[in-house]
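S.K.: After the structure tokens below, expect a handful of questions from me.
The values are calculated or read from the model by the stated rules, or taken from the named source; none is laboratory data. Nothing here was measured: the structure is a model prediction, and the numbers come from that model. For neighbour counting, all protein chains shown are included, and Cβ atoms are generated from backbone atoms with ideal geometry for every residue, glycine included. The accessibility values were calculated without ligands, DNA or RNA, using every heavy atom of the protein model including side chains. Shrake-Rupley method; radii C 1.70, N 1.55, O 1.52, S 1.80 Å.
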Amino acid sequence: MKHFFSLILVFLFIGCAMNTSSRHELTGPWVFQVDSLDQGLTEAWYAEGFDRSQWREVTVPDHWERYNLPSYDGVGWFATEFEYDGGEIPMAIFFGGVDDDADVWVNGTKVGSHVGYSEVFSFDITQTLRRGKNKVVVRVFDSGGPGGIYKSVMVVPADRVEELRRTPYAALQARPSEDWVKDAVIYEVYLRSFSTEGTFKALERRLPELKDLGATVLWLMPIHPVGTVKRKGTLGSPYAVQDYYAVNPEFGTLEDFRSLVRAVHEHGMNIIIDLVANHTAWDSKLIQEHPEWFSKDDQGNMVPPNDDWTDVADLDYSQQELWDYMIEMMKYWVRDVGIDGYRCDVSELVPTEFWNRARKELDTIKPVMMLSEGTLPEHHVEAFDLTYAWNFYDVLAKVITSHTPATMFEKIIENESYRFPQGSLRMRFNTNHDKNAWDAPTVLKFTRAGAKASAVLAFTFPGVPLIYNGEEVGNEKRLDLFEKVEIDWTKNEDFRELYTELCRLRKEQVAVRRGTFQPLVNSDGEKVVSFLRQAEQERVIVVINLSNQQRRVSITLPDKAVKSLEEYFTSRFVSLDEGRLELDLDAFAYQIFIIP
């Protein structure tokens with residue numbers, strides 16, 4: 001820890017040493033306007049002369065849930081002004097993070113677009129900046145939850161951007177993880193949808209099938225009883241937990257769950273469960289026994305975490321007794337029941353120090369997997385093995401469905417190198433239970449062919465891949481979190497074959513599981529992603545067309561001595577000329593080559 005705090009001091013010193021006369025903190029005043037109909041672009045709300053006198057004044061950085069708005073997701077516009085009297089040096093506008101995507105204008109000219117929640121980004125504004133008053137307009141698109149410009153914005157010399165992008169955590173090593181964690185293929189199970197019975201026993205009977213598919217870690221969405229007070233839908237959200245020490249009778253008994261855990265281990269797999277540590281159901285055992293552990297408003301009334309999560313009450317982690325209770329409960333499921341870790345829901349809303357302490361105590365029992373549904377670099381230092389790569393999904397969706405270039409995937413790796421401890425594991429996915437339910441099933445959002453191409457990228461990109469139950473049969477249904485919607489397991493055997501092949505690829509090729517990542521420039525970087533994964537003598541080339549049109553691409557390999565390549569899925573050999581690979585790719589086609 002002493003080394004870590006030294007790094008923070010160095011980072012702060014660098015920031016203070018920056019020439020403050022040429023750095024402009026855009027702290028306000030800012031004004032804000034909701035764009036419910038998404039008409040701002042058409043009506044040119046970004047224009048210099050546009051009338052913003054009726055926009056409300058807001059604080060930046062902050063989340064727009066604090067702007068006293070009704071419950072709202074979608075598009076919002078922000079604007080501010082600043083004076084600039086600097087010299088002729090190149091300048092940039094720097095954002096510490098927005099939720100989720102952003103378009104930026106300076107003095108009526110668009111300077112850039114950004115995709116991806118919680119990512120730092122910047123745009124060169126040298127040509128649009130002028131002496132005197134300057135106007136900045138930001139259009140933020142929020143795909144769910146509290147959006148806004150929630151980190152700092154500043155105008156800085158362009159040569160200072162790199163040091164601003166780098167966090168103190170980037171100089172650290174991520175906490176070590178077990179091999180079974182590093183090499184995992186995570187399979188997310190929503191018990192209500194997984195089978196007609198919706199039970200532990202039904203899942204246990206199908207473990208051989210999941211083993212054959214290639215899943216190595218099963219993640220069960222919350223297994224605990226669901227609250228009835230203020231519940232949403234017929235069955236209520238599994239994330240409204242009534243009793244952390246019990247199992248939902250929908251799914252069976254505690255002994256049924258113990259049997260499932262034993263069977264998972266007998267099949268050579270591991271099992272983790274969802275931990276909802278930030279909130280409970282309104283009729284939870286904790287509310288009845290410890291109402292003092294919950295957040296309250298000025299009138300002393302318990303409150304939900306935000307205006308949308310009306311079916312749950314917010315836990316107050318300023319109460320140290322709550323820490324003791326939650327950690328002992330986490331130890332119980334690992335020590336007494338035998339699970340292998342946790343996927344931690346909205347982990348960023350719970351103090352990192354709580355997670356650090358919990359991990360230390362769990363480690364005294366046995367090695368576990370800890371998966372954070374968050375993107376905080378500090379989670380990798382002590383507490384977590386993996387964090388959610390929401391940025392991967394965001395970019396994937398934009399590349400396939402809009403004009404975002406495929407080269408953005410290179411930026412993901414670059415940005416992560418500036419933010420995260422070295423060796424940090426990120427979980428990559430083309431869907432999960434949230435995206436399926438609130439966005440769209442993969443085959444509907446990306447088309448059937450696009451769903452396959454996106455799966456190939458998730459499995460070959462650096463990190464640990466996730467399969468959400470039903471993806472292996474091309475599930476077309478939204479799996480409602482408050483109702484029972486069954487997956488049709490009789491369809492689309494071609495999807496199962498693909499996922500089985502992808503799992504086999506990861507098992508056979510250490511380069512795909514743990515290798516370095518090197519982008520390979522191709523002649524159509526707008527929609528074709530190409531890269532090399534390498535681990536010692538193993539080398540794998542991945543080429544994926546992320547568009548619905550045929551593409552012809554030329555790719556130059558770093559090793560010109562390679563004369564031919566074998567394509568993994570077809571066993572077809574392709575000849576190269578001076579290390580140049582020429583390919584004709586159908587819409588959403590993918591090819592993977594093993595370099596001999």
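S.K.: Using the crude model of +1 on Lys and Arg Cβ and -1 on Asp and Glu Cβ, and no other charge, please compute the dipole size for the range 426-478 relative to its Cα centre, in debye to 20. Don't skip to the answer; put the middle values down first.
M.R.: Details: 8 positive and 5 negative charges, 21 e Å.
I would put it at about 100 debye.
S.K.: Right, next: From the list [x] 338; [y] 221; [z] 168, can you say which value of volume of the Cα convex hull per residue in Å³ was derived from the structure given?
M.R.: Of the listed options [x] 338; [y] 221; [z] 168, [z] comes from this structure.
S.K.: Another one. Helices from the chain with mean Kyte-Doolittle at least 1.0 and a Cα length along the axis of 20 Å or more, per DSSP H: which?
M.R.: On the way: long enough: 2-17 (23 Å, 1.99); 442-460 (22 Å, 0.79); 493-508 (22 Å, -1.26).
Taking the DSSP H segments of the chain (at least 20 Å long, mean hydropathy at least 1.0), we get 2-17.
S.K.: Could I ask something else about it? Which ³J(HN,Hα) values in Hz, rounded to whole numbers, follow from the phi angles of the range 541-547 under the Karplus curve 6.51 cos²θ - 1.76 cosθ + 1.60, where θ = phi - 60° and Gly and Pro get x?
M.R.: So the Karplus estimates, Gly and Pro as x, are 9, 10, 10, 9, 8, 9, 10 Hz.
S.K.: Could I ask something else about it? Given charges of +1 on the Cβ of Lys and Arg and -1 on the Cβ of Asp and Glu, with all other atoms neutral, how large is the dipole of the range 50-126 about its Cα centre, in debye to the nearest 20?
M.R.: Numbers: 4 positive and 15 negative charges, 32 e Å.
The dipole magnitude comes to about 160 debye.
S.K.: On to the next question. Work out from phi, with θ = phi - 60° and the Karplus expression 6.51 cos²θ - 1.76 cosθ + 1.60, the ³J(HN,Hα) of each residue of the range 163-168, listed in order in whole Hz, and give x for Gly and Pro.
M.R.: Those phi angles translate into 5, 6, 5, 7, 8, x Hz.
S.K.: Given the options Asn545, Tyr590, Phe495, identify the residue whose Cα lies farthest towards the positive end of the charge dipole of the range 490-596 (+1 on Cβ of Lys, Arg; -1 on Cβ of Asp, Glu).
M.R.: It is Phe495.
S.K.: So which lysines pass the test for Lys398, namely a Cα distance under 17 Å, with those fewer than 8 places away in the same chain ruled out?
M.R.: Reachable lysines: Lys411, Lys435, Lys445, Lys452, Lys527.
S.K.: Which peptide among 537-546, 105-114 comes first, and what is the full order, when sorted by highest mean count of other Cβ atoms within 10 Å?
M.R.: 537-546, 105-114
S.K.: Sticking with this structure for a sec: Considering only C-alpha atoms, what is the centroid distance from the range 275-325 to the range 363-390, in Å?
M.R.: 23
S.K.: Accessible area per residue, 1.4 Å probe, Å², for the chain: what's the number?
M.R.: 40
S.K.: Which ³J(HN,Hα) values, rounded to whole Hz and listed in residue order, are derived for the range 422-433 from phi using the Karplus coefficients 6.51, -1.76 and 1.60 in 6.51 cos²θ - 1.76 cosθ + 1.60 with θ = phi - 60°, glycine and proline given as x?
M.R.: So the Karplus estimates, Gly and Pro as x, are 5, x, 5, 9, 10, 8, 9, 7, 9, 5, 7, 5 Hz.
S.K.: Might you report the magnitude of the Cβ-based charge dipole of the chain about its Cα centre, with Lys and Arg at +1 and Asp and Glu at -1, to the nearest 20 debye? Display every interim value, and only then the final one.
M.R.: Values: 64 positive and 92 negative charges, 245 e Å.
That gives the chain a dipole magnitude of about 1180 debye.
S.K.: With a point put 7 Å past each Cα toward its Cβ, work out how far Gln319 is from Gln549 in nm, to one decimal.
M.R.: In this crude label model, Gln319 to Gln549 measures out at 5.9 nm.
S.K.: Can you give the helix-only mean residue ellipticity at 222 nm for the chain, where every DSSP H stretch with n ≥ 4 adds -39500 (n - 2.57) and the sum goes over all residues, rounded to the nearest 500 deg cm²/dmol? The partial results should precede the final answer.
M.R.: Numbers: 16 runs with 155 residues, N = 596.
For the chain, the value works out to -7500 deg cm²/dmol.
S.K.: Along the charge dipole of the range 331-456, which of Met408, Trp355, Leu386 sits closest to the positive end, that is, farthest toward it, with unit charges on the beta carbon of Lys, Arg, Asp and Glu (+1, +1, -1, -1)?
M.R.: Met408
S.K.: Follow-up. List the aspartates and glutamates whose alpha-carbon lies under 12 Å from that of Lys296, not counting same-chain residues fewer than 8 positions away?
M.R.: By straight Cα distance, Lys296 reaches Asp314, Asp316.
S.K.: Nearest 5 percent is fine: what portion of the DSSP beta bridges confined to the chain is antiparallel? Kindly include the intermediate steps, with their values, before the conclusion.
M.R.: Details: 80 of 106 bridges.
Approximately 75 percent, going by the DSSP bridge assignments.
S.K.: Could you name the lysines in cross-link range of Lys331, using Cα to Cα under 26 Å and dropping any fewer than eight places away on the same chain?
M.R.: Output for Lys331: Lys182, Lys201, Lys285, Lys360, Lys366.
S.K.: Okay, next question. In whole angstrom, how far apart do the alpha carbon centroids of the range 118-187 and the range 554-596 sit?
M.R.: Centre-to-centre distance over Cα atoms comes out at 35 Å.
S.K.: Report in % the part of the accessible area of the chain that belongs to carbon and sulfur, leaving out ligands and nucleic acids; probe 1.4 Å.
M.R.: On the way: 12040 of 24000 Å².
Roughly 50 percent of what the probe reaches on the chain is carbon or sulfur.
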